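Here is the structure we will look at.
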Amino acid sequence: MREYKSNKKNIIATTVIQTPLGDMFAASTKNGICMLNYYDQRKEKTQKELEKMKKFFNADIIPAHNKYFEVLQKELKEYFEKKRENFTIPLQLVGTPFQQSVWKILQLIPYGETISYLDEAKLLKNEKAVRAVANANGRNPISIIIPCHRVIASGGKIGGYSSGIDKKIELLKLENSYSYDIIA
């Protein structure tokens, strides 16, 4: 007997959310936020990620308003006002098993604290995976909520950030986990 396939596609809703550090592009499925990136810095990368998600979820991508965006906007506003340290918004992560394990470690870093890429690799029980960890951090599809900005280089230097070092520094300052001494 032939398997029946539904022609009904899923929906990935998208919107732009304003923050003190610039506009952010957000996307969600029916299960939660699947993307949150600074709009100005990652347009090309964002488009590639959306295409990957479109295929993964068999979805159409449409600008829309939904309940997740309301919660996201509220929680981001509270975060930037220093009234929120943890996010409750549901997430739907799309990545390799290794990337997802790295992103789970990132979510364990407490507000106002930083760890090194080496520390992160050790938490994954693979001290030699520092470069792979850094690459997975760079592919983090959900900025701020999955706080890759809290990871710095082993020597105390600021390290990289796919949305720009200036944004990483501002986020760390906001969380009181950064000193100008790191760069100096």
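Here are some notes:
- Pairs of Cα atoms farther than 24 Å apart, the chain, %: 39 percent
- Region 105-163 - Kirkwood radius from inverse mean 1/r over Cα pairs (Å): 11.3 Å
- 20 Å reach of a label modelled at Phe56, 7 Å along Cα-to-Cβ, counting backbone N of region 26-40: 26-39
- Listed residue pairs exceeding 18 Å between alpha carbons, taken from Lys45/Lys157; Lys9/Lys54; Lys82/Lys167; Lys30/Lys55; Lys9/Lys55: Lys45/Lys157
- Debye-formula intensities of region 52-140, expressed as log10 I(q)/I(0) at q = 0.16, 0.17 Å⁻¹, are -0.84, -0.92 (one equal scatterer per alpha-carbon, no solvent).
- Available extension along the chain between Asp23 and Lys48 is 7.1 nm, counting 0.36 nm per residue and deducting the alpha carbon span.
- One decimal place: the segment Asn135-Asn10 gains 42.1 nm when fully extended, by the rule 0.36 nm per residue minus the C-alpha distance.
- Note on Asn66 and Ile158: with the Förster distance fixed at 30 Å, the Cβ-Cβ geometry gives a FRET efficiency of about 0.30.
Just so you know, all these numbers are worked out from the coordinates, no wet-lab data involved. Model, not experiment: these values are computed from the prediction. Cβ sites come from the backbone with ideal geometry, for glycine too, and all protein chains shown count toward neighbours.
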